[in-house]
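Everything on this sheet refers to the single structure shown next.
The values are calculated or read from the model by the stated rules, or taken from the named source; none is laboratory data. Here the structure is a predicted model, which means the values were calculated and not measured. All Cβ positions, glycine included, derive from the backbone under ideal geometry; neighbour counts span all protein chains shown.
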Amino acid sequence: MPLLSNIKSLLVLALFAIALVGCDAGVPEPNLAPAKAKAAQCVEPTADMRKNHMKYLLVHRDKTVIEGIRTTQHSLNECINCHVAPTREDGSAVHYTDEKKDHFCSSCHSYVGVKLDCFQCHADRPQVMENINYQHKLSSNTYHLSAKNAPPELSDLLLLGQSQQAQGVTQ
Amino acid sequence: MSQINAYRRKFMAAVGGVAVGGLASGVILRSVEASDVPAKPADQPVSNKVRWGMLIDINRLTDGGVAMVEACKREHGWGNDPKSRPEQQSQWMRTVKVTDKLTQHSFTLPVMCQHCEEPPCVDVCPTGASMKRADGIVQVNKHICIGCRYCMMACPYKARSFVHESLTDQRPHSPRGMGTVESCNLCVHRIDKGQLPACVEAAPNAVIFGDLNDPNSRISQAVKTLGGSQIRADLGLNTGVRYLGL
C-alpha cells in the first residue's frame, strides 16, 4: 500500500510539473519595441512616465476640458503624435485594438492586462487627412507632407485649422 | 376677425423689422475678423470676463446655413457613423425651415446649441458632465458623462445627440465615443487658440462671432444697434447665439 500511494503521489507530481511547463510556454512575449523607441525624447523621465503617466493625463484632461488649458506637455494628443505612426510600413492603419499589439499604448497595456479606454473616444493615431497626399501631424502646429508633394486640398486646410490660408485660396 | 387683424399687424411689424435689419446689417456685418477672438496663452484658464456669442443674419445666409453645417461635420467628424441609422446619426447642427402657414413665406436658419446662460441641460445632468465653461460655452465633459440622455430631453433646441456605436479615427481635437452625449461646443479647441469656430469661417459675411461682455466688440456693437432675437426667448435662457431676420 505505501508503495502504491508513493506511485500515486509521484504521478501527481509529474502531472503538476507537466502543467507548469505548459504554463511557462503560454506566457505572452511583450512587444516593447514601440514603447522603447522614443523613450529618450519623452516629456518626463522614463521611470516617472512608467509609474505616473495616467496621473499626468488625468490632471491634464480636467484642466483642458473644464478650464481650457491646452498646454502640450501632458496632452494625450501629443503622446499619440510622437509615439504612434498612423500606418505600418505596409500601409495598414495602426489601432490599439489590433491583434499585433504594435500600437504604442496597447503593446504594454495588453501585456500587463490593464484595460485602455482612452481610445473609445480619443483618436488612437495621428490624424490622416482625407487627402491621401497628407501624412500626419508632427505636433500641434506642424504637419508632414508626403513625398508626392501634391498641394493639399482646400477641405484639408480647413481641417487642419489653417483657416487664413484656406480663405486666401477661396477669395 | 379681430384675431386675424391682430395677427396681421404683428406680422407686418415683423416684416418691417426684418427689412430694416437687412438694410442696416449690410453696413455693419462685414466678413469675420480674426481679432474677434483674441488668442489666449495656452497655460491660462478661461475667464468669466468673456462671454462668447454669435449673431447670425439669416437674410445674408444665402444657403440657409448648409455650408455652416458642412463645415461643422468636417471639423468634428459627425454625421457619418457607419452603423447608425439616419435617425441615429449625431447632429450637432441642422438647418430648420420655417414656413408661415398663412402667407407661405418661409426662411431657413441653422440651429445648434444656443449656449444659454441658464442651460437646462446643466440643471438636469446627474454627474456634472453637462457643463458651462467660465466663458459661457456649454459642452459635455465626456470623461464623466454616463450617457443617461437627460440633457437631450431637457434641451428645448434639440441640440444634443447620442453616439450609438463604437468609433475609430475620430478627429484628434474632437473626441467622440459610444455611450456619451455630444453637441456643438463652439469649437472650444479653436477658440482657445484664438481661431473662429468652423461654422463662422464657413459663412464669413453672415455671422459675427465675439465677446458679448466686451461693449466694444463687433458683436456687442451689432447687437446694440440691430437687436438680434433669441429662439424661444420666452424661456428666459439668455442664449449666446442670436439671430437677425427671424
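Worth pointing out:
- For region B:38-89, a tally of residues being over 20 Å from the mean Cα position of the chain (by Cα), within 11 Å of chain A (Cβ to nearest Cβ) and crowded, with 17+ Cβ neighbours inside 10 Å returns 1.
- Scan of region B:204-246 for residues that are among the hydroxyl-bearing types (Ser, Thr, Tyr), in contact (Cβ under 8 Å) with a residue 60 or more places away in the chain and assigned to a helix (DSSP H, G or I), ordered by number: B:225
- All conditions but one from (1) within 13 Å of residue B:244 (Cβ to Cβ); (2) under 14 Å from the mean Cα position of the chain (by Cα); (3) of a type outside the set (Val, Ile, Thr); (4) modelled with pLDDT under 95 apply to residue B:205; the one that does not is (2).
- Residue within region A:77-89 that is touching a Leu at 6+ places or on another chain (Cβ under 7 Å) and over 18 Å from residue A:40 (Cα atoms) present: no
- A count restricted to region A:84-105 and to residues that are aliphatic (A, V, I, L, M) and facing chain B (nearest Cβ under 9 Å) stands at 1.
- Scanning region B:185-202 for residues that are facing another protein chain (nearest Cβ under 9 Å), closer than 21 Å to residue B:64 by Cβ and either assigned to a helix (DSSP H, G or I) or aromatic (Phe, Trp, Tyr) (or both) yields B:198, B:201, B:202.
- Of the residues making up region B:123-143, those that are assigned to a loop (DSSP other than H, G, I, E, B) and either touching a Ser or Thr at 6+ places or on another chain (Cβ under 7 Å) or within 19 Å of residue B:192 (Cα to Cα) (or both) are B:133, B:134, B:135, B:136, B:137, B:141, B:142.
- Residues satisfying the stated conditions in region B:99-140, i.e. among the basic types (Lys, Arg) and touching a residue at least 24 places away in the same chain (Cβ under 8 Å): B:133
- Residue count for region A:106-129 under the criterion of being within 14 Å of chain B (Cβ to nearest Cβ), free of Cβ contacts under 8 Å to residues at least 12 places away in the same chain and not in a loop (DSSP other than H, G, I, E, B): the result is 2.
- Matching residues in region B:90-122 - criterion: being part of a loop (DSSP other than H, G, I, E, B) and either surrounded by 15 or more Cβ atoms within 10 Å (Cβ to Cβ) or of a type in the set (D, E, K, R) (or both): B:90, B:91, B:92, B:100, B:101, B:113, B:114, B:115, B:116, B:117, B:118, B:119
- Those residues of region A:70-83 which are within 11 Å of chain B (Cβ to nearest Cβ) and either assigned to a loop (DSSP other than H, G, I, E, B) or touching a residue at least 60 places away in the same chain (Cβ under 8 Å) (or both), in sequence order: A:70, A:71, A:72, A:73, A:75, A:77, A:78
- Apart from one condition, residue A:153 fits all of (1) in contact with a helix residue (DSSP H, G or I) (Cβ under 9 Å, 6 or more places away or on another chain); (2) at pLDDT below 85; (3) of a type in the set (Asp, Glu); the exception is (1).
- Any chance residue A:143 is among the hydroxyl-bearing types (Ser, Thr, Tyr), surrounded by 13 or more Cβ atoms within 10 Å (Cβ to Cβ) and at pLDDT below 90: yes
- From B:32, B:15, residue being farther than 30 Å from residue B:193 by Cβ and modelled with pLDDT under 95: B:15
- Within region A:43-69, being on the phi < 0 side of the Ramachandran plot, free of Cβ contacts under 8 Å to residues at least 12 places away in the same chain and not in a helix (DSSP H, G or I) holds for A:45, A:69.
- Boolean, residue B:212 is modelled with pLDDT of 95 or more, of a type in the set (A, V, I, L, M) and touching a strand residue (DSSP E or B) at 6+ places or on another chain (Cβ under 7 Å): yes
- Here region B:159-173 is the region considered, the condition is being in contact with a Cys (Cβ under 9 Å, 6 or more places away or on another chain) and at pLDDT 95 or above, and the residue that is farthest from the other protein chains (Cβ to nearest Cβ) is B:159.
- Cβ-Cβ under 7 Å pairs, at least 6 apart or on other chains, region B:141-161 side more than 11 Å from residue B:130 (Cα to Cα), far side of a type in the set (Phe, Trp, Tyr) and in a loop (DSSP other than H, G, I, E, B): B:161/B:92
- Counted residues, region B:126-158 - those being within 14 Å of chain A (Cβ to nearest Cβ), hydrophobic (A, V, I, L, M, F, W, C) and closer than 25 Å to residue B:51 by Cβ: 8
- Lone qualifier among B:180, B:239 - being polar (S, T, N, Q), within 10 Å of chain A (Cβ to nearest Cβ) and either closer than 24 Å to residue A:119 by Cα or within 17 Å of the chain's Cα centre (by Cα) (or both): B:180
- Top-ranked residue in region A:36-69 [being more than 12 Å from every other protein chain (Cβ to nearest Cβ) and among the hydroxyl-bearing types (Ser, Thr, Tyr); ranked as surrounded by the most Cβ atoms within 10 Å (Cβ to Cβ)]: A:56
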